[in-house]
Amino acid sequence: MPPLLERLGVELPVVQAGMGGGLSRHELAAAVSEAGGLGTIAVSGATAIRRELAAARALTGRPLAVNLLLPFARGDWFEAAAGADVVVTFWGRPRRRTAGVWLHQCGSVEEARRARAAGADGVIVQGIEAGGHVRGTTPALELLEQARAALPSGYPLLLAGGIAEPGDVRAALEAGATAAVAGTRFLLSEESRAHALYKERLLAAEETLLTDLFGAGWPAPHRVIPNAATDRSLGRRSSFVGNTPIKDERRVVLRAPSANRALNRLLAPGARITPPSLQARMMRAQRPGSRLLTPAGPTDDGPLSLVEAGALYAGETVARIDAVRPAGDLVRELAG
Ligand SMILES: Cc1cc2nc3c(=O)[nH]c(=O)nc-3n(C[C@H](O)[C@H](O)[C@H](O)COP(=O)(O)O)c2cc1C
């Protein structure tokens, strides 16, 4: 058992990635932790973090993580997240803002080095195949190898991207990962709060796109499956950049129309202070052809319109997943 997992009391080397906008709440995180993995809550606002953590604690006595996105998280979110056993941060300058165990998800060796220097207890290396917002620019196993070479031996490195089956977890552990982190696989669990139609689309999906289209307030690349919004704004995916054929177009960022991008850049500095009521209005008003496309994904208690107008986040593993399963079964199966 790797020392980090032992210290936390996590029995199996399987971590459920935080999936923001309320896709991973207490039901999913508790089911994963109760099965012996590490479940992660990802919601916005100190009140919601406290509420979800308390609800998860009522379901399991095992360790739980809270995920915070650095472009949005305010001081009081960190205070609320301190009630978790682990805080996982993503996207931004890594800096210790919690006294407890802190992991930072990184897309490069340089970022991993910076996180370690800032006092992170471990890093999650994210590969380009990952779903949701994608910081990685190389396949996860490659980045893991580079990070292992660059960081002191024994420093905990977790791997995210490409994990959907027991063989993926084995490969990550054999390559030196402390644990494997899966998002998309757990999105397709009974406990995830993804809208039923979003889950249906995911089960049918064969391909993903990397784009910056759903960038209102957060102009960063993300991996999604196609829907009406991507069809409208990105058109038929081009297999050429200029005259150069793209060998693997899943790994090229398909840019939003320039008017969308200009608006996204303009709004980004205000994202942290946009009131939740305005964010909810923007989300409800969103249509496939809107110039402003927020990063919100379709949840089971959000507007149905987001199935066509919102971001259907998914990693490349989506093509290999064909059933919605109970999260606890997934943890036990993934861990072999
Ligand atoms: C639906 C979805 C939402 C995500 N939201 C977040 C998030 O809020 N915070 C975060 O740190 N990572 C987020 N991610 C990225 C994950 O942390 C992780 O890197 C990714 O899920 C790994 O790739 P996989 O989905 O192929 O397993 C999200 C991923 C997905 C699929």
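The values are calculated or read from the model by the stated rules, or taken from the named source; none is laboratory data. Everything numeric in this text was worked out from a predicted model, so none of it was measured. We place every Cβ from the backbone using ideal geometry, glycine too, and count neighbours over all the protein chains shown.
Can you name the residue in segment 253-262 that is in a helix (DSSP H, G or I) and touching a Gly at 6+ places or on another chain (Cβ under 9 Å) and, of all such residues, is surrounded by the most Cβ atoms within 10 Å (Cβ to Cβ)?
This residue is Asn260.
Which of the residues spanning segment 264-298 are among the hydrophobic types (A, V, I, L, M, F, W, C) and assigned to a helix (DSSP H, G or I)?
Once the filter is applied, which keeps residues that are among the hydrophobic types (A, V, I, L, M, F, W, C) and assigned to a helix (DSSP H, G or I), segment 264-298 yields Leu266, Leu267, Ala268, Ala271, Ile273, Leu278, Ala280, Met282, Met283, Ala285.
Pick from segment 69-110 the residues that are in contact (Cβ under 8 Å) with a residue 24 or more places away in the chain and part of a strand (DSSP E or B): which of them is nearest to Pro275 (Cα to Cα)?
This residue is Leu69.
Go through (1) surrounded by fewer than 18 Cβ atoms within 10 Å (Cβ to Cβ); (2) in contact (Cβ under 8 Å) with a residue 12 or more places away in the chain; (3) within 25 Å of Gly336 (Cβ to Cβ) and name the single condition Thr137 misses.
Going through the list (1) surrounded by fewer than 18 Cβ atoms within 10 Å (Cβ to Cβ); (2) in contact (Cβ under 8 Å) with a residue 12 or more places away in the chain; (3) within 25 Å of Gly336 (Cβ to Cβ), Thr137 breaks only (3).
Being within 12 Å of the ligand (Cβ to nearest atom) and small (Gly, Ala, Ser) is the filter here; which residues of segment 174-188 pass it?
Listed by number, the residues that qualify are Ala180, Ala182, Gly183.
Tell me, yes or no, whether segment 175-190 has at least one residue that is crowded, with 18+ Cβ neighbours inside 10 Å, among the acidic types (Asp, Glu), within 21 Å of Gly39 (Cα to Cα) and at pLDDT 95 or above.
no
Only residues that are within 22 Å of Gly92 (Cβ to Cβ) and either more than 13 Å from the ligand (Cβ to nearest atom) or of a type in the set (Val, Ile, Thr) (or both): list them for segment 54-75, please.
Matches in segment 54-75: Val66, Arg74, Gly75.
Any residue at all in segment 122-131 that's touching a helix residue (DSSP H, G or I) at 6+ places or on another chain (Cβ under 6 Å), closer than 21 Å to Gly39 by Cα and aliphatic (A, V, I, L, M)?
Yes, some residue in segment 122-131 is touching a helix residue (DSSP H, G or I) at 6+ places or on another chain (Cβ under 6 Å), closer than 21 Å to Gly39 by Cα and aliphatic (A, V, I, L, M).
What residue, of Leu202, Leu197, is in contact with a helix residue (DSSP H, G or I) (Cβ under 9 Å, 6 or more places away or on another chain), assigned to a helix (DSSP H, G or I), near the ligand (Cβ under 10 Å from one of its atoms) and not charged (D, E, K, R)?
Among Leu202, Leu197, only Leu202 is in contact with a helix residue (DSSP H, G or I) (Cβ under 9 Å, 6 or more places away or on another chain), assigned to a helix (DSSP H, G or I), near the ligand (Cβ under 10 Å from one of its atoms) and not charged (D, E, K, R).
For (1) touching a Ser or Thr at 6+ places or on another chain (Cβ under 6 Å); (2) of a type in the set (A, V, I, L, M); (3) not in a loop (DSSP other than H, G, I, E, B), each residue gets a yes or a no:
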residue	(1), (2), (3)
Ala149	no, yes, yes
Pro152	no, no, no
Ile163	no, yes, no
Gly176	no, no, no
